[in-house]
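Q: Let me give you the structure first, and then I'll get to my questions.
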Amino acid sequence: MPSPAPFPFPGPDGPAAPQGAPTVPLPPAALSAEPGATDRETEQDPADSRVPTVVSDASNTPVRGGGPRASGGPRRPVGSGAGRGGGRLPVLAARVRMPLMWAATLLLLAAYAGVPWWAGTGLLVAALAVYLRLGTVRREPRAVLPPVRGRWMALTSPVDGTPSQGSHAYGQTYALGLVAEPGGGARPDIAWRPLSRPPEDFPAFGRAVYAPADGTVVTAHDGRRDHRSRNSWPWLFGAVVENALRELRGPSGILGNHLVIDVGGGDHLLLGHLARGSLTVGRGDRVRAGQVVARCGNSGACTEPQVRVQLMDHRRPLFAAGLPIVWAPGWNSRDDGAGLPETWRPVVVEGPGTEEVPAGQEAGGDDYAGEVRRTSRNR
């Protein structure tokens, strides 16, 4: 593989680790759990003995933790389906979702050539239903490592509903969108002015992105520029049109620079919105869980520098169904079980099996530190 283009500046986490860098191990409890244990059950994927695919609580119910226990919220089940299949209908919906949208658009345009308008309108209604609402896969979640370290916040999370991004398209039913939130006003909030900011103004930009599981890189898309932020109210309104135009470019227009990693068992992990020139791996490379594979960027359809992580049943997001995930036990110092962060609640994310916290980030005290950011919603 040719050497990747050098990233223009060192991120706050230091230089990117070379391929084959030391990995962050899962805690022994997650690796040594045996079926039938009264405390916690873990199933191992035969194709990946390092990262457990299913973590359940004592009631054998898949869980998605709503942040640390300090949040006070009970754990809620991710889905009711058992096993790895999750049903054929959601998968079928994923395969025909975008072709339906294209066919509906062509029929509407064909109305100018004499095709009845109701044909295109009817197909468009059906296509939008599949695009926005239909196609949720119900199966037990796969446990992976977090792709970030330090104090971060979820802008979108399946904990608060699916599809988490508002659409099932591109395998993003259970996608997480993460931004760095060190506190103290370091992260610019939404305002009327300035209209946009350079990505370097945001603490997430340039931060290390880690492989959530062992696997093989099957897609490494680079080259999209890191655009200015869209976190002003005028830009947010205009982003609706902008994102529609971005979608004409296909998945890379929405996801920006991204990696897809085959993690075994038919599952594929996607890391999106990566910085241009920051990818340290390429197609065909083997990666280890905890290895630095890229840097956080502001490419694709995003309002500010962030990391997107999602699990899919297909290597191509265009035809993929989104699959549920959880972060393996040990992802947060105050949460000893598997889970995911809630939307708009900052949490300190640690690599499972280590107590290391990046410089400038305090591990002690409440994760939320009394400053839960609720820019666009009140809870």
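Nothing in this text is a laboratory measurement; each read-out follows from the coordinates by a stated rule. Not measured: the values here are computed from a predicted model. FYI the Cβ positions are ideal-geometry reconstructions off the backbone, even for glycines, and counts take in every protein chain you see.
Q: Over all pairs of distinct alpha carbons, what does the Kirkwood formula give as the hydrodynamic radius of the range 88-132, in Å?
A: Hydrodynamic radius (Kirkwood, Cα only) of the range 88-132 equals 10.6 Å.
Q: Using the Cα gyration tensor of the range 122-217, with a ≥ b ≥ c the square roots of its eigenvalues, what is the shape: rounded (a/c below 1.5), prolate (a/b larger than b/c) or oblate (neither)?
A: On the way: a/c = 2.46, a/b = 1.36, b/c = 1.80.
It comes out oblate by the Cα gyration axes.
Q: Please work out how much length the chain gains when fully extended from L236 to R249, using 0.36 nm per residue of separation minus the C-alpha to C-alpha distance, in nm with one decimal.
A: 2.7 nm
Q: Compute the relative contact order of the range 199-340 as a whole-number percentage, counting only Cα pairs closer than 8 Å that sit 6 or more residues apart in sequence.
A: Averaging sequence separation for qualifying contacts and normalising by length gives 31 percent for the range 199-340.
Q: In whole Hz, with x marking every Gly and Pro, tabulate ³J(HN,Hα) for the range 288-295 from phi via Karplus 6.51 cos²θ - 1.76 cosθ + 1.60, θ = phi - 60°.
A: For the range 288-295, the Karplus-derived couplings read 10, 4, x, 7, 5, 10, 5, 10 Hz, x marking Gly and Pro.
Q: If I take R0 = 45 Å and measure r between the Cβ atoms of R228 and A103 in this structure, what FRET efficiency does the formula 1/(1 + (r/R0)^6) give, to the nearest 0.05?
A: Numbers: r = 35 Å, r/R0 = 0.78.
FRET efficiency, R228 to A103: 0.80.
Q: Another one. Which ordering of V241, V326, V281 is given by a fewest-first count of other beta-carbon atoms within 10 Å?
A: Least crowded to most crowded, the residues run V241, V281, V326.
Q: Continuing with the same structure: What distance in nm separates the two pseudo spin-label positions at V96 and W118, each 7 Å out from Cα along the beta-carbon direction?
A: 2.1
Q: If you place +1 on the Cβ of every Lys and Arg and -1 on the Cβ of every Asp and Glu, how big does the dipole about the Cα centre of the range 134-272 come out, in debye to the nearest 20?
A: Values: 15 positive and 13 negative charges, 56 e Å.
Approximately 260 debye in magnitude.
Q: In terms of the Cα gyration tensor, with a ≥ b ≥ c the square roots of its eigenvalues, is the range 185-328 rounded because a/c is under 1.5, prolate because a/b exceeds b/c, or oblate? Spell out each step's value before the answer.
A: Working: a/c = 2.09, a/b = 1.61, b/c = 1.30.
It is prolate, given that a/c is not under 1.5 and a/b is the larger ratio.
Q: Separate question: Taking θ as phi - 60°, what are the ³J(HN,Hα) couplings along the range 120-126 by the Karplus curve (6.51, -1.76, 1.60), each to the nearest whole Hz, with x for Gly and Pro?
A: x, 5, x, 5, 5, 4, 5
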